[in-house]
1. Sorted by mean Cβ packing within 10 Å, highest first, what order do the peptides 197-209, 126-138 take?
2. Compute the relative contact order of the chain as a whole-number percentage, counting only Cα pairs closer than 8 Å that sit 6 or more residues apart in sequence.
3. So how many Å³ per residue does the convex hull of the Cα atoms of the range 7-247 work out to?
4. In Å, the Kirkwood hydrodynamic radius of the range 37-92 over pairs of distinct alpha carbons?
5. Which Rg and Dmax, in Å, describe the Cα atoms of the range 109-255?
6. Sorted by average packing, counted as other Cβ atoms within 10 angstrom per residue and highest first, what order do 56-68, 156-168 take?
7. Can you pull the Kirkwood radius for the range 1-118, inverse mean 1/r over Cα pairs, to one decimal in Å?
8. How much mean residue ellipticity at 222 nm does the chain get from its helices, if each DSSP H run of length 4 or more adds -39500 (n - 2.57) and you divide by all residues, to the nearest 500 deg cm²/dmol?
């Protein structure tokens, strides 16, 4: 029976994801996913935001965990560290972040379904490479003190810190019972509208470097393709709501000084 980890299948999925990322980036310039600040009831049935985030993000955590524990390479020190970095992000995103959400917003089920598919495929691309497709000697224990791993890990942890700090700022914009929208300030919000998204893109750029893999590269490309258009839409929403007061801040969308 053909395995989903056959190199031909794996690289076909990678190629398809790169092509699809370009298509999604173009589509999202015109269509904004209806959740969070952009919530729109036209997207169909919804669930509570907290439940929605758990349902959407947890499959990635679970998929990577299964790929890891059922692999013959599960005890590899370098692979264990790389898997733990991935799982740390998704544990926070799946089980801690949802519990910190304030308010009673809703998330469309169709968004959750798209997110589940996206997250599982990304876990396959990264976990599949690390534990099944990569050469058996690709990541010796010495990889953990290689320049690529050290540089990538520093970038990854920096991105995570930016992401967590930005989420903290956004969470505390409102007082209990308040449903208004306010301009986030401080941290990387000095430079971009969507500092939380900048942090996430930075995280996965670091992960692509520390794993030095096509799966990691595909993930960061997909992350940018998904979040950059949303950052642009958020920027426009702030301009509509706050006008010159926001325009005067001279923020970019998601990449400081660039985009």
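1. Per-residue mean Cβ counts within 10 Å order the peptides as 197-209, 126-138.
2. Once normalised by length, the contact order is 23 percent.
3. Measuring per residue, one finds 125 Å³ for the Cα hull of the range 7-247.
4. It works out to 13.3 Å.
5. 18.0, 57
6. Listed from highest to lowest mean packing, they are 56-68, 156-168.
7. One decimal place: 16.5 Å for the Kirkwood radius.
8. After summing the helix terms and dividing by the residues of the chain, the value is -20500 deg cm²/dmol.
Readers should treat all values here as calculations from the given coordinates under stated rules, not as data from a laboratory. Remember, it's a predicted structure, so these values are computed and weren't measured experimentally. No Cβ is skipped: glycine too gets one built from the backbone with ideal geometry, and neighbour counts run over all protein chains shown.
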